Amino acid sequence: MRGRLIFVALLVAINLFLLTRLIWSDQGVFAYLELKNRYEVLRQKIETVDARSLDLSQEIRKLKSDKGYQEKVIREKMNFVKKDELLYIFPDEKDQPRGETADVQEN
């Protein structure tokens, strides 16, 4: 009888040890949940990068084949003008201070 009791106590101790390892070890449940969350974040980033890559590929195709689009992009981004055209460049409003601080900075 005493041998059985020791055997059962040993089995209970082993089960408790295995349960704690299952939950709190480096390969346990909490580590699995953390890795699962990281996987989802990385998957979202990959989807975003893939969409951006597709957009850039389409823009490259347009730039190679569509002369009108080329001219539009050059005029907008590089501020190129045609002969006898005037270009007005206005500063961004967010770069300009407003109110009393604008007057103080100017002086």
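Rule-based calculations on the coordinates, nothing more; no lab input. Worth saying up front: this structure is predicted, and the values here are computed from it rather than measured. Here the Cβ is made from the backbone with ideal geometry for all residues, glycine too, and neighbour counts use every protein chain on show.
For the chain, the longest principal axis of the Cα atoms and the long axis of helix 67-78 meet at an angle of about 90 degrees. Helix 29-65 and the longest principal axis of the C-alpha atoms of the chain enclose an angle of approximately 20°. Across the chain, the longest run free of exposed loop sites, meaning trypsin sites (Lys or Arg not before Pro) lying outside DSSP classes H, G, I, E and B with no more than 10 other Cβ atoms within 10 Å, spans 1-81. Quick one: longest stretch of the chain between exposed loop chymotrypsin sites (Phe, Trp or Tyr not before Pro), exposed meaning at most 15 other C-beta atoms within 10 Å and loop per DSSP? That gives 1-79 as the longest site-free run. Using 1/(1 + (r/R0)^6) with R0 = 25 angstrom and r between the beta carbons of Arg52 and Lys83, what's the FRET efficiency to the nearest 0.05? Using R0 = 25 Å, I get an efficiency of 0.10. Overall form of the chain: oblate. Here a/c, set by the Cα gyration tensor axes a ≥ b ≥ c, is 1.5 or more, and a/b is not larger than b/c.
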